[in-house]
Structures are given as C-alpha cells and as structure tokens.
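Have a look at the structure below before the remarks.
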Amino acid sequence: MMFSRRAAATLPAPEDTTSPRSTAPELHIRAFRVGFVGALGVLLALFLGVIVGQLSTVILYVALALFLALGLDPVVSWLQRRGMPRWTAILIVFAVVIGVFVALIAVIVPIVVGQVTTTINNWPQIVRDFKNSDFVAWVGSFSGSSWVEDTAASIGSWLGDPNNIGVLTGGLFAVGAGIAGGLTGATIVLILTLYFAISLDSMKRYAARFVPASSRAGFTEVGQDITGAVGRYVIGQLTLGAVNGVLSLIYLTIIGAPVPILLAFIAFLCSLVPLVGTLTGAVIISLVCLAASPATGVAAAIYYLIYMQVESYVISPRIMNKAVAVPGALVVIAAVAGGTLGGVLGALVAIPIAASLIIIVHKVVFPRQDAA
C-alpha cells in the first residue's frame, strides 16, 4: 500500500490539453499586409511592362547592333590573325560596310526617284499603254479585258478627284516620315554596332565575371562557341544574299527586265530572310517582269524556279552547314516561330538562337547528365 502511494506520487501529472496557453506557434494571417504587398507587386510588373513597351525600339536597336557586331567579328578576327591590330581591322571592316551601303544608296535612290517622277508625270500615258500592252491582251485572251479597263478607269478617276489629294499627300508624308525614321534607326544601329565591335572582348570578359570561378572556363568556352555560331550565320546569310543578287542582276540584264539593279537589290534583301525570303523576292520580281512583258515574266519565273532548287540543294548546304549546324526540321520551326514573334527580324535571329541552344545542350546539359 505504501509502495502504491509512493509510485503514484512519482508519476507525472497528466497534461491539461484544454489549457488556453499552448506552446505551438501561432499563425497570424495579416490579410491587409498580404494584399497590399501583392498589389504593389502587380503594379510593379505593370510598370515594368510599360517601360519595356516604351523602350521596345531601343531594345530592338541594341539587339540588332549586337547581332551585327557578332556577325562582323569573324572577319575582324581573321584580319587580326593576319597580324593586324584589332582597332585597325574594325576600321577597315566598317569602312568597307559603309562604302558598300553608300554605293547601294547612291545607285538605288536615283532609280527609285526617277521611276516615281516618271510615273507621276506620265500617268495618263502609262494608263493608255497599260490598256494596250501585251500583258492586258494576254490576260484578256483568257478572261476578257473589260475588268482591266474598268480597274484602270477607276484608278484614274480616283486620282483625278481633288478630295483624294489630301489622302494621297498624307500617305506620301507618312512614307517620307517612315524613310526618315528608318535612316535615323540605321544610323543608331551602325554607331552601336561600332561600339559593340570595339568592346566585344571586354564584354565577354565582364559577362564571365558573373559566373563562379569554378565554372568560368566552361562558360567562356560555351560563349565563344555561341558567338562564333552567330557570326558564321550572319556571314553565311549575307553570302547567300550576295549570290542571289549578283546572279539576278546578270540574268535580269540579259532578258531585258525593267530596272534590273533595283530588282537585284530586292532579291538580295529578300534572301536575307530564311526559308521564305528567296520565294518572296522571286514572286515580286516575276510580277514586275510580267507587267513589262509576258515573255520576260515567264523567263524570270522559270529562272527563279531553277535557282531555288539549286540554292536549296547545292548553294545553301555548302555555305550554311559550315556556318550553323542546325537540323533542317529545327531550322523550319525556329524560323516560323521567330517570324511569328518578331516579324522579319525575329526570323533572322531565330536560327542562330536555335544553334546557341543546341551548343548549350551539347556542352552543358549532356555532360551534366552523363556525370550524374
């Protein structure tokens, strides 16, 4: 009995679970503070989105200038390997680029101005010649020429209405403003490209400082591979455009196409766009030649059908396989996605971005997976 009392005295007292004083941490939900912080986050995100939207043109200029600087870097590096200082190589490359650009402008602008002036001054005669042209007669032999005459008469009546002069003048002013804005943008991009080309090596070293020292060597190697791929792609695309432009100039001159220099320049510009560029240029040039003469239009269409096959299976593989090793299916997907998101410039940069991702996968992702 004594043992039972002593054992009962030594047993711990039962814990009062009903006590309001609990040792568990209390969870206080301050709804106002959470809602206020969330609202500030949403407002900050909207503010940043507005800033990015306002600076979209500047961001586009910077991205395009960096893209061009990477494209010119292989040529600069090649001149450096020949014993030339980097600043001298950059000046020579930019002098050549600016010289070619000025020469093209000096040749193309007078042609465009002359054609526009001639069209304005001789519009009634152009309409009469168009009605009596071989093209109208050729089209009329299939579907009748009444619709062509009605269309030309409607255009002439619209241009002769004084109420439409303001609309036409406003459109011309808008075109002029667009051309002036384009020249300003080209100047800004050219200056930024010069700065980026000069400081490209220091930019690479500065970017490597953000990576831990243990991974810096691998980051530098991958960065060199990516910049090299972008540069080779730009050079390869310019080479394809130059080949198309030169061959177009020779052939269009032989068949007697109108303004062959301007049409060859259009072929060069369109060839810079992946996949659909050459086809677009071929359609435009063929239509212009067709308006001048059915025989010339058919000859131009046949030539571009043959050229596109040769470019796809002979010229492009020899140039682009050395420039960017990207599978064909990925090229199509990247170009379509880039064109959808960013238009022509998006299509231009989509393929080197795809090549960069492939390099990152091969140099970073796969080695980590193999070492795991």
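The values are calculated or read from the model by the stated rules, or taken from the named source; none is laboratory data. Fair warning: this is a prediction, and the values are worked out from it, not measured in the lab. Methodologically, a virtual Cβ is constructed for each residue, glycine included, from the backbone with ideal geometry; neighbour enumeration extends over all protein chains shown. Surface areas here come from the heavy atoms of the whole protein model, side chains and all, with no ligands, DNA or RNA. Shrake-Rupley method; radii C 1.70, N 1.55, O 1.52, S 1.80 Å.
Out of the residues in the range 67-83 meeting the condition of being open to solvent by 60 Å² or more (accessible area, probe 1.4 Å) and hydrophobic (A, V, I, L, M, F, W, C), tell me which one is nearest to Leu190 (Cα to Cα).
First pass over the range 67-83, keeping only residues open to solvent by 60 Å² or more (accessible area, probe 1.4 Å): 68, 78, 80-83.
Applying the additional criterion that residues be hydrophobic (A, V, I, L, M, F, W, C) yields 68, 78.
Values: Leu68: 9, Trp78: 21 Å.
Among those that are open to solvent by 60 Å² or more (accessible area, probe 1.4 Å) and hydrophobic (A, V, I, L, M, F, W, C), it is Leu68.
Please enumerate the residues belonging to the range 331-352 that are closer than 21 Å to Pro317 by Cβ and open to solvent by 40 Å² or more (accessible area, probe 1.4 Å).
Of everything in the range 331-352, those that are closer than 21 Å to Pro317 by Cβ and open to solvent by 40 Å² or more (accessible area, probe 1.4 Å) turn out to be Val332, Ile333, Val336.
Looking at Val211 and the list (1) over 26 Å from the mean Cα position of the chain (by Cα); (2) outside any loop (DSSP other than H, G, I, E, B), which single condition is not satisfied?
So Val211 meets the others, but not (2).
Taking the condition polar (S, T, N, Q), surrounded by fewer than 18 Cβ atoms within 10 Å (Cβ to Cβ), within 26 Å of Ala334 (Cα to Cα) and in contact (Cβ under 8 Å) with a residue 24 or more places away in the chain, does Thr227 pass?
no
Residues are listed down the side, and each one gets a yes or a no for (1) out of contact with any helix residue (DSSP H, G or I) (no Cβ under 8 Å at 6 or more places or on another chain); (2) modelled with pLDDT of 80 or more:
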position	(1), (2)
Pro260	no, yes
Ala267	no, yes
Pro274	no, no
Val283	yes, yes
Gly297	no, yes
Ile302	yes, yes
Tyr307	no, yes
Arg318	yes, no
Asn321	yes, no
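Write out, first by first residue and then by second, each pair whose Cβ atoms fall under 6 Å of each other, whose residues are 6+ apart or on separate chains, and whose first residue, in the range 264-287, is within 18 Å of Val349 (Cα to Cα) while the second is part of a helix (DSSP H, G or I) and open to solvent by 70 Å² or more (accessible area, probe 1.4 Å).
So the pair list comes out as Val273/Val344.
Let me confirm something: among Val246, Val211, Val288, which residue is surrounded by 18 or more Cβ atoms within 10 Å (Cβ to Cβ) and touching a helix residue (DSSP H, G or I) at 6+ places or on another chain (Cβ under 8 Å)? Let's see the steps before the verdict.
Details: Val246 fails: surrounded by 18 or more Cβ atoms within 10 Å (Cβ to Cβ); Val211 fails: surrounded by 18 or more Cβ atoms within 10 Å (Cβ to Cβ).
The match here is Val288.
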